[in-house]
Amino acid sequence: MPERQERRPSGILLGESPAIYRVREQLEKAALTEVPVLITGESGTGKELASRHLHELSNRGDHGFFKVNCAAIPEQLFESELFGYEAGAFTGAKTAKPGKFEQANHGTLLIDEIGELDPGLQAKLLHALQDFRIVRLGGIEEKKVDVRIICATNRDLEVAVSRGEFRGDLFYRINVVRIEMPALRERSSDVPILMNHFVQLYSARFGGRPEPLSISFLRLLESYHWPGNIRELENLAKRYVVLGGEEQIISMLNDSEELRMLAMEPLDLNTPLKVQTKRAIQHLERKIILNTLQAHKWNRRKTARTLNISYRALLYKIKEAGLPSIRNVRPSSDKVPLRDPEQEQV
(Lines give C-alpha, C1' and ligand atoms only; values in the text may rest on other atoms or scores of the structure.)
Protein backbone atom coordinates (compact mmCIF):
# COMPACT_ATOMS: atom_id res chain seq x y z
CA MET A 1 0.00 0.00 0.00
CA PRO A 2 1.53 3.40 -0.95
CA GLU A 3 2.54 5.71 1.84
CA ARG A 4 -0.14 8.26 2.64
CA GLN A 5 0.75 11.94 2.35
CA GLU A 6 0.56 14.03 5.49
CA ARG A 7 -2.63 16.08 5.56
CA ARG A 8 -2.56 19.56 7.02
CA PRO A 9 -5.29 20.78 9.38
CA SER A 10 -8.15 22.46 7.56
CA GLY A 11 -10.42 25.33 8.50
CA ILE A 12 -11.39 25.23 12.17
CA LEU A 13 -8.36 23.15 13.16
CA LEU A 14 -6.01 26.02 12.35
CA GLY A 15 -4.60 27.84 15.35
CA GLU A 16 -1.92 27.85 18.01
CA SER A 17 -3.98 27.85 21.21
CA PRO A 18 -3.57 25.00 23.73
CA ALA A 19 -7.26 24.10 23.21
CA ILE A 20 -7.00 23.46 19.46
CA TYR A 21 -3.58 21.85 19.82
CA ARG A 22 -5.17 19.34 22.21
CA VAL A 23 -7.95 18.59 19.71
CA ARG A 24 -5.47 18.00 16.89
CA GLU A 25 -3.46 15.67 19.11
CA GLN A 26 -6.57 13.70 20.09
CA LEU A 27 -7.69 13.38 16.46
CA GLU A 28 -4.27 12.11 15.42
CA LYS A 29 -4.30 9.46 18.13
CA ALA A 30 -7.88 8.42 17.38
CA ALA A 31 -7.01 8.08 13.68
CA LEU A 32 -4.60 5.25 14.52
CA THR A 33 -7.48 3.12 15.83
CA GLU A 34 -10.85 1.87 14.58
CA VAL A 35 -12.81 2.58 17.78
CA PRO A 36 -15.96 4.75 17.75
CA VAL A 37 -15.40 8.43 18.44
CA LEU A 38 -17.88 10.86 20.00
CA ILE A 39 -17.26 14.51 19.13
CA THR A 40 -19.09 16.99 21.35
CA GLY A 41 -19.28 20.77 21.53
CA GLU A 42 -21.49 23.78 20.98
CA SER A 43 -23.14 24.44 17.63
CA GLY A 44 -20.76 26.02 15.15
CA THR A 45 -17.53 24.72 16.70
CA GLY A 46 -16.74 22.53 13.68
CA LYS A 47 -17.66 19.01 14.77
CA GLU A 48 -18.30 17.84 11.21
CA LEU A 49 -15.02 19.27 9.90
CA ALA A 50 -13.16 17.61 12.76
CA SER A 51 -14.88 14.34 11.81
CA ARG A 52 -13.75 14.71 8.21
CA HIS A 53 -10.20 15.47 9.33
CA LEU A 54 -10.21 12.34 11.50
CA HIS A 55 -11.40 10.31 8.51
CA GLU A 56 -8.67 11.77 6.28
CA LEU A 57 -5.96 10.99 8.83
CA SER A 58 -7.10 7.37 9.21
CA ASN A 59 -6.41 4.34 7.02
CA ARG A 60 -9.92 4.80 5.62
CA GLY A 61 -9.10 8.22 4.20
CA ASP A 62 -9.00 6.93 0.63
CA HIS A 63 -12.56 5.60 0.95
CA GLY A 64 -15.84 7.45 1.34
CA PHE A 65 -16.98 9.77 4.13
CA PHE A 66 -20.76 9.81 4.60
CA LYS A 67 -23.01 11.72 6.96
CA VAL A 68 -26.51 11.25 8.29
CA ASN A 69 -28.14 14.02 10.33
CA CYS A 70 -30.52 12.72 12.99
CA ALA A 71 -32.18 16.13 13.40
CA ALA A 72 -32.77 16.80 9.71
CA ILE A 73 -34.43 13.54 8.63
CA PRO A 74 -38.05 12.75 9.61
CA GLU A 75 -38.38 9.80 11.99
CA GLN A 76 -40.36 7.71 9.50
CA LEU A 77 -37.62 8.08 6.86
CA PHE A 78 -34.58 7.72 9.07
CA GLU A 79 -34.49 3.92 9.15
CA SER A 80 -34.55 3.67 5.35
CA GLU A 81 -31.92 6.41 5.12
CA LEU A 82 -29.61 4.55 7.48
CA PHE A 83 -30.20 0.93 6.44
CA GLY A 84 -31.61 1.26 2.92
CA TYR A 85 -34.71 -0.43 1.51
CA GLU A 86 -35.80 -3.03 -1.00
CA ALA A 87 -38.15 -2.44 -3.90
CA GLY A 88 -41.76 -2.47 -2.70
CA ALA A 89 -40.81 -1.88 0.94
CA PHE A 90 -43.24 1.06 1.03
CA THR A 91 -45.32 3.15 -1.34
CA GLY A 92 -43.05 4.79 -3.88
CA ALA A 93 -40.12 2.39 -3.37
CA LYS A 94 -39.95 1.23 -6.98
CA THR A 95 -36.29 0.20 -6.84
CA ALA A 96 -33.94 -0.91 -4.08
CA LYS A 97 -31.62 1.63 -2.54
CA PRO A 98 -28.63 1.11 -0.20
CA GLY A 99 -28.54 3.07 3.04
CA LYS A 100 -25.72 5.10 4.53
CA PHE A 101 -24.20 2.03 6.22
CA GLU A 102 -23.73 0.27 2.88
CA GLN A 103 -22.59 3.43 1.10
CA ALA A 104 -19.93 3.98 3.75
CA ASN A 105 -18.58 0.43 3.53
CA HIS A 106 -14.78 0.51 4.13
CA GLY A 107 -15.09 4.20 4.90
CA THR A 108 -16.45 6.42 7.68
CA LEU A 109 -20.01 7.23 8.72
CA LEU A 110 -20.72 10.38 10.73
CA ILE A 111 -23.97 10.17 12.71
CA ASP A 112 -24.54 13.86 13.38
CA GLU A 113 -26.77 15.24 16.15
CA ILE A 114 -27.16 11.73 17.57
CA GLY A 115 -28.70 13.19 20.71
CA GLU A 116 -31.84 13.94 18.68
CA LEU A 117 -32.33 10.32 17.59
CA ASP A 118 -35.73 8.81 18.46
CA PRO A 119 -35.54 6.16 21.26
CA GLY A 120 -37.01 3.46 19.00
CA LEU A 121 -34.35 4.10 16.38
CA GLN A 122 -31.64 4.13 19.06
CA ALA A 123 -32.32 0.43 19.68
CA LYS A 124 -31.99 -0.39 15.97
CA LEU A 125 -28.77 1.59 15.69
CA LEU A 126 -27.35 -0.17 18.73
CA HIS A 127 -28.12 -3.55 17.17
CA ALA A 128 -26.31 -2.53 13.96
CA LEU A 129 -23.27 -1.33 15.90
CA GLN A 130 -22.95 -4.57 17.87
CA ASP A 131 -21.95 -6.76 14.90
CA PHE A 132 -22.15 -4.39 11.91
CA ARG A 133 -24.82 -6.41 10.19
CA ILE A 134 -27.79 -4.58 8.74
CA VAL A 135 -31.03 -5.55 7.03
CA ARG A 136 -32.63 -3.26 4.47
CA LEU A 137 -36.18 -2.10 5.13
CA GLY A 138 -38.49 -4.68 3.57
CA GLY A 139 -35.67 -7.20 3.18
CA ILE A 140 -34.61 -10.39 4.97
CA GLU A 141 -30.97 -10.73 3.98
CA GLU A 142 -28.36 -9.59 6.47
CA LYS A 143 -25.50 -7.58 4.99
CA LYS A 144 -22.09 -7.32 6.65
CA VAL A 145 -20.58 -3.83 6.57
CA ASP A 146 -17.15 -2.51 7.52
CA VAL A 147 -17.65 1.06 8.75
CA ARG A 148 -15.84 3.45 11.10
CA ILE A 149 -18.43 5.24 13.25
CA ILE A 150 -18.11 8.84 14.41
CA CYS A 151 -20.96 10.47 16.32
CA ALA A 152 -21.42 14.18 17.01
CA THR A 153 -23.75 16.11 19.30
CA ASN A 154 -24.13 19.46 21.04
CA ARG A 155 -26.15 17.83 23.85
CA ASP A 156 -24.86 16.46 27.14
CA LEU A 157 -25.62 12.79 26.54
CA GLU A 158 -24.81 11.78 30.11
CA VAL A 159 -27.59 14.09 31.31
CA ALA A 160 -29.87 12.70 28.59
CA VAL A 161 -29.13 9.16 29.79
CA SER A 162 -29.93 10.09 33.39
CA ARG A 163 -33.27 11.52 32.25
CA GLY A 164 -34.12 8.44 30.22
CA GLU A 165 -33.95 10.37 26.94
CA PHE A 166 -30.98 8.44 25.55
CA ARG A 167 -30.15 4.74 25.89
CA GLY A 168 -27.27 4.11 28.25
CA ASP A 169 -26.07 1.05 26.34
CA LEU A 170 -25.90 3.03 23.09
CA PHE A 171 -24.05 5.86 24.85
CA TYR A 172 -21.38 3.48 26.15
CA ARG A 173 -21.09 1.91 22.70
CA ILE A 174 -20.33 5.21 20.93
CA ASN A 175 -18.43 6.92 23.77
CA VAL A 176 -15.14 5.03 23.47
CA VAL A 177 -13.07 8.10 22.62
CA ARG A 178 -14.59 11.50 23.29
CA ILE A 179 -13.23 14.72 21.77
CA GLU A 180 -14.62 18.04 23.00
CA MET A 181 -14.52 20.86 20.46
CA PRO A 182 -13.72 24.11 22.29
CA ALA A 183 -15.94 27.15 21.92
CA LEU A 184 -14.27 29.99 20.03
CA ARG A 185 -14.29 32.17 23.15
CA GLU A 186 -12.08 29.51 24.77
CA ARG A 187 -9.47 29.89 22.01
CA SER A 188 -9.74 33.62 21.34
CA SER A 189 -6.04 33.86 20.47
CA ASP A 190 -6.84 31.83 17.33
CA VAL A 191 -9.39 34.38 16.08
CA PRO A 192 -6.88 36.47 14.03
CA ILE A 193 -5.49 33.32 12.39
CA LEU A 194 -8.97 32.05 11.53
CA MET A 195 -10.20 35.46 10.34
CA ASN A 196 -7.22 35.88 8.00
CA HIS A 197 -7.75 32.34 6.71
CA PHE A 198 -11.42 32.89 5.91
CA VAL A 199 -10.82 36.35 4.38
CA GLN A 200 -8.19 34.90 2.04
CA LEU A 201 -10.45 31.95 1.22
CA TYR A 202 -13.50 34.04 0.33
CA SER A 203 -11.52 36.79 -1.36
CA ALA A 204 -10.30 34.15 -3.81
CA ARG A 205 -13.77 32.64 -4.12
CA PHE A 206 -15.71 35.91 -4.50
CA GLY A 207 -13.01 37.79 -6.37
CA GLY A 208 -12.95 40.59 -3.79
CA ARG A 209 -10.02 42.71 -2.63
CA PRO A 210 -10.86 43.96 0.86
CA GLU A 211 -8.54 46.19 2.86
CA PRO A 212 -5.93 44.35 4.98
CA LEU A 213 -7.16 43.54 8.48
CA SER A 214 -5.85 46.06 11.01
CA ILE A 215 -4.35 44.96 14.31
CA SER A 216 -6.91 46.98 16.27
CA PHE A 217 -9.77 45.34 14.36
CA LEU A 218 -8.38 41.86 15.05
CA ARG A 219 -8.04 42.72 18.75
CA LEU A 220 -11.70 43.77 18.74
CA LEU A 221 -12.63 40.39 17.24
CA GLU A 222 -10.61 38.63 19.94
CA SER A 223 -12.61 40.36 22.66
CA TYR A 224 -15.98 39.40 21.13
CA HIS A 225 -17.84 36.49 22.80
CA TRP A 226 -18.77 34.59 19.55
CA PRO A 227 -22.06 32.90 20.49
CA GLY A 228 -22.16 31.30 17.01
CA ASN A 229 -18.54 30.13 17.25
CA ILE A 230 -16.62 29.33 14.02
CA ARG A 231 -19.74 29.52 11.89
CA GLU A 232 -20.36 33.09 13.02
CA LEU A 233 -16.73 34.08 12.40
CA GLU A 234 -16.81 32.54 8.91
CA ASN A 235 -20.00 34.42 8.03
CA LEU A 236 -18.47 37.64 9.34
CA ALA A 237 -15.42 37.08 7.11
CA LYS A 238 -17.75 36.71 4.12
CA ARG A 239 -19.41 40.03 5.00
CA TYR A 240 -16.00 41.67 5.34
CA VAL A 241 -14.98 40.48 1.86
CA VAL A 242 -18.26 41.60 0.31
CA LEU A 243 -18.48 44.98 2.11
CA GLY A 244 -14.74 45.62 1.80
CA GLY A 245 -14.13 47.38 5.12
CA GLU A 246 -14.13 47.26 8.90
CA GLU A 247 -16.69 49.95 9.77
CA GLN A 248 -19.82 47.93 8.99
CA ILE A 249 -18.44 44.88 10.78
CA ILE A 250 -17.63 46.93 13.89
CA SER A 251 -21.20 48.21 13.95
CA MET A 252 -22.57 44.65 13.69
CA LEU A 253 -20.39 43.40 16.52
CA ASN A 254 -21.26 46.34 18.76
CA ASP A 255 -24.98 45.85 18.21
CA SER A 256 -24.77 42.11 18.95
CA GLU A 257 -22.56 42.54 22.02
CA GLU A 258 -24.62 45.32 23.52
CA LEU A 259 -27.93 43.52 23.04
CA ARG A 260 -26.45 40.54 24.88
CA MET A 261 -25.14 42.71 27.72
CA LEU A 262 -28.40 44.60 28.09
CA ALA A 263 -30.34 41.35 28.23
CA MET A 264 -28.20 40.29 31.18
CA GLU A 265 -28.91 43.44 33.20
CA PRO A 266 -30.70 42.65 36.49
CA LEU A 267 -34.34 43.63 36.78
CA ASP A 268 -34.78 46.99 38.56
CA LEU A 269 -38.23 47.31 40.16
CA ASN A 270 -37.54 50.63 41.90
CA THR A 271 -36.49 52.86 38.99
CA PRO A 272 -38.89 54.32 36.40
CA LEU A 273 -38.69 52.90 32.89
CA LYS A 274 -37.68 56.27 31.44
CA VAL A 275 -34.63 56.46 33.72
CA GLN A 276 -33.61 52.85 33.08
CA THR A 277 -33.95 53.35 29.32
CA LYS A 278 -31.77 56.47 29.42
CA ARG A 279 -29.07 54.62 31.37
CA ALA A 280 -29.15 51.71 28.93
CA ILE A 281 -28.79 54.03 25.93
CA GLN A 282 -25.89 55.86 27.58
CA HIS A 283 -24.17 52.56 28.33
CA LEU A 284 -24.72 51.35 24.76
CA GLU A 285 -23.47 54.61 23.23
CA ARG A 286 -20.37 54.65 25.44
CA LYS A 287 -19.44 51.10 24.45
CA ILE A 288 -19.89 51.77 20.72
CA ILE A 289 -17.77 54.93 20.84
CA LEU A 290 -15.02 53.22 22.84
CA ASN A 291 -14.84 50.20 20.51
CA THR A 292 -14.83 52.41 17.41
CA LEU A 293 -12.06 54.60 18.87
CA GLN A 294 -10.01 51.49 19.58
CA ALA A 295 -10.61 50.10 16.09
CA HIS A 296 -9.33 53.36 14.58
CA LYS A 297 -6.30 53.52 16.92
CA TRP A 298 -7.91 56.45 18.72
CA ASN A 299 -8.12 58.63 15.62
CA ARG A 300 -11.13 60.77 16.53
CA ARG A 301 -11.77 62.19 13.07
CA LYS A 302 -12.04 58.71 11.55
CA THR A 303 -14.22 57.65 14.47
CA ALA A 304 -16.57 60.58 13.89
CA ARG A 305 -16.86 59.71 10.20
CA THR A 306 -17.55 56.04 10.98
CA LEU A 307 -20.26 57.00 13.49
CA ASN A 308 -21.65 59.65 11.10
CA ILE A 309 -21.51 62.45 13.67
CA SER A 310 -19.61 65.73 13.70
CA TYR A 311 -16.13 65.92 15.18
CA ARG A 312 -17.31 68.41 17.84
CA ALA A 313 -20.22 66.11 18.77
CA LEU A 314 -17.80 63.22 19.22
CA LEU A 315 -15.57 65.29 21.53
CA TYR A 316 -18.60 66.18 23.62
CA LYS A 317 -19.75 62.55 23.83
CA ILE A 318 -16.25 61.38 24.78
CA LYS A 319 -16.21 63.87 27.64
CA GLU A 320 -19.80 63.13 28.68
CA ALA A 321 -19.15 59.37 28.79
CA GLY A 322 -15.97 59.79 30.85
CA LEU A 323 -13.84 58.21 28.12
CA PRO A 324 -10.16 59.03 27.65
CA SER A 325 -9.49 61.32 24.70
CA ILE A 326 -6.19 59.65 23.89
CA ARG A 327 -4.87 56.09 24.06
CA ASN A 328 -3.51 54.51 27.23
CA VAL A 329 -5.53 56.79 29.50
CA ARG A 330 -7.83 54.99 31.90
CA PRO A 331 -11.43 56.36 31.81
CA SER A 332 -12.30 57.63 35.27
CA SER A 333 -14.38 60.79 35.20
CA ASP A 334 -15.73 63.46 32.90
CA LYS A 335 -12.75 65.70 33.76
CA VAL A 336 -10.35 64.03 31.33
CA PRO A 337 -8.52 66.81 29.42
CA LEU A 338 -9.17 66.84 25.69
CA ARG A 339 -6.40 67.27 23.15
CA ASP A 340 -6.43 70.18 20.75
CA PRO A 341 -8.57 69.08 17.78
CA GLU A 342 -6.11 70.73 15.41
CA GLN A 343 -3.39 68.33 16.63
CA GLU A 344 -5.40 65.28 15.69
CA GLN A 345 -3.73 63.30 12.92
CA VAL A 346 -6.17 62.44 10.16
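The values are calculated or read from the model by the stated rules, or taken from the named source; none is laboratory data. Just so it is clear, the model here is predicted, and its values are computed rather than measured. Virtual Cβ from ideal backbone geometry, glycine too; neighbours counted across all protein chains shown.
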Filter segment 179-209 down to residues that are surrounded by 15 or more Cβ atoms within 10 Å (Cβ to Cβ) and basic (Lys, Arg) and give me whichever is farthest from Glu42 (Cα to Cα). Arg187
Residue count, segment 136-149, condition closer than 15 Å to Glu79 by Cβ and either modelled with pLDDT under 90 or not in a strand (DSSP E or B) (or both), comes to 4
For segment 82-95, indicate whether the set of residues that are within 24 Å of Val37 (Cβ to Cβ) and acidic (Asp, Glu) is non-empty. no
Residues to consider are Glu246, Glu234; find the one that is in contact with a Phe, Trp or Tyr (Cβ under 7 Å, 6 or more places away or on another chain) and within 18 Å of Ile20 (Cβ to Cβ). Glu234
